[in-house]
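The values are calculated or read from the model by the stated rules, or taken from the named source; none is laboratory data. All values derive from a computational prediction rather than experimental measurement. Here the Cβ positions follow ideal geometry from the backbone for every residue, glycine too, while neighbour counts run over all protein chains shown.
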Amino acid sequence: MSNLAAGAVSAADPTLASFYPLVWWIIAIKVVVIFLFLLLFQILMIWAERRIIGRMQNRPGPTDGARSGCFSRSPTRSSCR
């Protein structure tokens, strides 16, 4: 009990290196892989958002709707031929 109170450390006590045995280059590879995944995921999400918004804005105009042509409110002469 007196050894713990005095803060004595023996050679058999674990150090920080024994709890985390990874070397620096493995950590660097993990950081690069996570960064590339997040970057590609963000690019994919921006592309998907723009694609969805583009489809929402692709609505029929005055000449593309179901009421265009010969039976519309103001048919042109060329649409009834």
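Before moving on, here are some points about what is shown:
- Residue in the stretch 22-43 that is outside any helix (DSSP H, G or I) and modelled with pLDDT of 60 or more present: yes
- M56 vs. criteria loosely packed, with under 10 Cβ neighbours inside 10 Å, at pLDDT 60 or above and assigned to a helix (DSSP H, G or I): yes
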